[in-house]
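Read the structure below first, then the notes.
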Amino acid sequence: MSKKGTPPPAESAESAEQVDNASINRFEQSLDELESLVQKMERGDMSLDESLSAYERGISLYRQCQGALEKAELRVKLLSDPLKPETAQDFDED
């Protein structure tokens, strides 16, 4: 019998998948918006105020994307060796 408030494993897996899909969608949307902002700024036809606002938004989007990537990397490490995730190899190491 499961503890009160703890969903059965099937529901937990389904919920985790929904959260993962939502996280992936947010990451992709943030990355798309960031790329769009960079293109607009590179064209050089924005005012200084618009450029500063776009830069601030870009920094926020960058941080969101970086956080999502760090969470994904941790998840891969946990899946690789759930007992010792700290011993998993980084992706960029040869």
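Laboratory data are not the source of any read-out in this text; all were calculated from the coordinates shown. Predicted, not measured: the structure shown is a model, and the values here were computed from it. Please note: Cβ atoms are built from the backbone with ideal geometry, for glycine as well, and neighbour counts cover all protein chains shown.
Observations, loosely collected:
- Placing +1 on the Cβ of every Lys and Arg and -1 on the Cβ of every Asp and Glu, with no other charges, gives the range 15-81 a dipole of roughly 180 debye about its Cα centre.
- The label-point distance for L52 and K71, in a model that sets each label 7 Å from Cα toward Cβ, rounds to 3.2 nm.
- Estimated vicinal HN-Hα couplings, Hz - the range 37-47 in sequence order (Karplus 6.51, -1.76, 1.60; Gly, Pro = x): 4, 4, 4, 4, 5, 5, 5, x, 9, 9, 5
- Phi-based couplings in Hz for the range 54-68 (Karplus 6.51, -1.76, 1.60; Gly and Pro marked x): 5, 5, 4, 5, x, 4, 4, 5, 4, 5, 4, 5, 4, x, 5
- √(5λ) per eigenvalue of the Cα gyration tensor, the range 15-81, largest first, Å: 31, 11, 9
- Cβ-derived FRET efficiency at R0 35 Å, R43 paired with A22, nearest 0.05: 0.60
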